[in-house]
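Chemist: If you scroll down you'll find the structure; I have some questions about it.
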Amino acid sequence: MKERLNEHDRKFNEVIERLDEHDRKFNEILEELKLHREKLEEHDFKFDSMMRKLDALGARWGILAESAFREGMRGIVERLFGGSVERWIHDDREGFVFGYPATVEVDIVIRDGEHILVEIKSHVRKSDVGVLLRKGELYKKVKGITPRLVFVSPYIDEDARSDAEMLGIEAYNA
């Protein structure tokens with residue numbers, strides 16, 4: 001009986017040693033997981049920061065591209081077609097266009113007495129259609145001239161294109 005008890009004690013001690021080893025390994029794994037979580041949080045922060053910078057760069061590039069296109073359009077219309085390209089800026093104190101008082105800006109091409117409001121955008125969305133329509137209505141109210149309305153953009157959402165077509169707004173894109 002004593003011999004069997006000693007054998008059980010030996011096996012029990014082996015099991016305890018193995019459990020202790022498992023505890024050590026488990027704690028090592030927990031520590032590694034903690035380090036990985038911290039690294040992942042650091043990478044998430046860096047990724048979010050990079051995405052904000054890319055978004056800002058994309059927005060800036062869109063503005064630069066619109067400006068370059070506007071200047072190119074000015075040269076073509078003025079030199080080749082004898083028209084003029086201007087930037088119409090109006091202080092909309094009543095908030096007619098945006099629903100609150102704001103400065104309204106739009107490019108205008110004037111040729112042979114025809115006034116064409118041209119909105120140059122990197123991306124035209126459904127909401128932009130209503131804004132251009134109200135800009136045209138404000139222009140008519142201020143100047144007494146009904147302008148043609150035109151979008152020029154590399155990308156026009158389908159619902160924006162459909163609405164523009166329904167409202168008589170021309171849309172030119174690639």
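The values are calculated or read from the model by the stated rules, or taken from the named source; none is laboratory data. Model, not experiment: these values are computed from the prediction. Here the Cβ positions follow ideal geometry from the backbone for every residue, glycine too, while neighbour counts run over all protein chains shown.
Quick grid of which residues meet (1) buried (at least 20 other Cβ atoms within 10 Å of the Cβ); (2) in the same structural domain as Ala160 (by TED's automatic domain parsing); (3) without any contact (Cβ under 8 Å) to a residue 60 or more places away in the chain:
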site: Glu105; (1), (2), (3): no, yes, yes
site: Asp112; (1), (2), (3): no, yes, yes
site: Ile116; (1), (2), (3): no, yes, yes
site: Ser122; (1), (2), (3): no, yes, no
site: Arg125; (1), (2), (3): no, yes, yes
site: Val129; (1), (2), (3): yes, yes, yes
site: Leu133; (1), (2), (3): no, yes, yes
site: Lys143; (1), (2), (3): no, yes, yes
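Chemist: Evaluate the following for Ile89: is it exposed (fewer than 12 other Cβ atoms within 10 Å of the Cβ), among the hydrophobic types (A, V, I, L, M, F, W, C), over 13 Å from Ile169 (Cα atoms) and touching a strand residue (DSSP E or B) at 6+ places or on another chain (Cβ under 7 Å)?
Modeler: yes
Chemist: List pairs: first in the range 77-101 and touching a residue at least 24 places away in the same chain (Cβ under 8 Å), second assigned to a loop (DSSP other than H, G, I, E, B), Cβ under 8 Å, 6+ apart or cross-chain?
Modeler: Note: pairs meeting the criteria are Val77/Gly83; Gly83/Asp112; Asp92/Phe98; Asp92/Pro101.
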